[in-house]
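Here the structure comes first, spelled out in structure tokens, and everything after it is commentary.
The values are calculated or read from the model by the stated rules, or taken from the named source; none is laboratory data. Bear in mind that the values here come from a model prediction, so they are computed numbers and not experimental data. Because the Cβ atoms are built from the backbone with ideal geometry, glycine has one as well, and the counts that use them run over all protein chains shown. These area figures cover heavy atoms from the full protein model, side chains too; ligands, DNA and RNA do not enter into them. Shrake-Rupley method; radii C 1.70, N 1.55, O 1.52, S 1.80 Å.
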Amino acid sequence: GAGAAAASRAGAAQHGPGAAARPPVELPVGAPGATVLWHPGPDAEFAILPLTGSPGELGELAAALGVPAGTRAGIGSAVDGLAALGDARRLAETALRACPASGGTVLLDEHLPDALVVSSPALAGALADRVLGPLDRLDPADRDVIVETLTAWLDADGSAQRAGARLYCHRNTVLNRLRRFEQLTGRCLTRPRDAVEVSLALAGRRLLGG
């Protein structure tokens, strides 16, 4: 986010099809009469979003921006003061890096674990290699099934039944794949520390590749 002297603002960054030379956008939310101007940078376009401080405002602004399909966009946290404009840009860039390659808009405040991962690629890569490295010895298709199952299970808040419904398989199949992951990696998914490391490692592989 970014800030003016007496008001909060948020930084936004976007990159992808339709991102170049976009016309000004008049916002139906945020500060009254606000218009967003996109400014080109070497790797992305940037804008400052004026805020009123109302609850849920950043989400409304994200929808109002009308980011084109396939374009990646990130909106940073709100900050105050003109001196924080540099921080606003850095936060927006971090949110942009946390956006999936397929496109969409990421609000930094709602993706802080992913932001931590992309903020330190070397450490994130080392963690991913340490946690998921044993899977790389498997056949790629076999490895991808385990990773897909892990991801679905975490997204389902640890429910094998809901993960199975998402993957179109029985909950016992999910549990068998999770046990196999534990056997291969020495991790225990019911141990909070291990579950956190697995989640961050998966985010590292997803966002940074490898």
Residue count, the range 99-126, condition open to solvent by 70 Å² or more (accessible area, probe 1.4 Å) and of a type in the set (A, V, I, L, M), comes to 5
Could you tell me whether Asp129 is surrounded by fewer than 16 Cβ atoms within 10 Å (Cβ to Cβ), over 17 Å from the mean Cα position of the chain (by Cα) and closer than 30 Å to Gly16 by Cα? yes
Per the list (1) open to solvent by less than 40 Å² (accessible area, probe 1.4 Å); (2) closer than 24 Å to Leu202 by Cβ; (3) over 16 Å from the mean Cα position of the chain (by Cα), residue check on Leu96 breaks on (3)
Restricting to the range 189-210, and then to whatever is open to solvent by 40 Å² or more (accessible area, probe 1.4 Å), modelled with pLDDT of 95 or more and of a type in the set (A, V, I, L, M, F, W, C), can you tell me which residue is nearest to Leu127 (Cα to Cα)? Leu200
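Within the range 81-93, does at least one residue satisfy the condition of being under 28 Å from Thr151 (Cβ atoms), in contact (Cβ under 8 Å) with a residue 40 or more places away in the chain and of a type in the set (A, V, I, L, M, F, W, C)? Let's see the steps before the verdict.
Restricting attention to the range 81-93, the residues satisfying the condition of being under 28 Å from Thr151 (Cβ atoms) are 91-93.
Now drop any that are not in contact (Cβ under 8 Å) with a residue 40 or more places away in the chain, which leaves 91-93.
Remaining after also requiring of a type in the set (A, V, I, L, M, F, W, C): 91-92.
Checked against the condition, which is being under 28 Å from Thr151 (Cβ atoms), in contact (Cβ under 8 Å) with a residue 40 or more places away in the chain and of a type in the set (A, V, I, L, M, F, W, C), the range 81-93 yields at least one hit.
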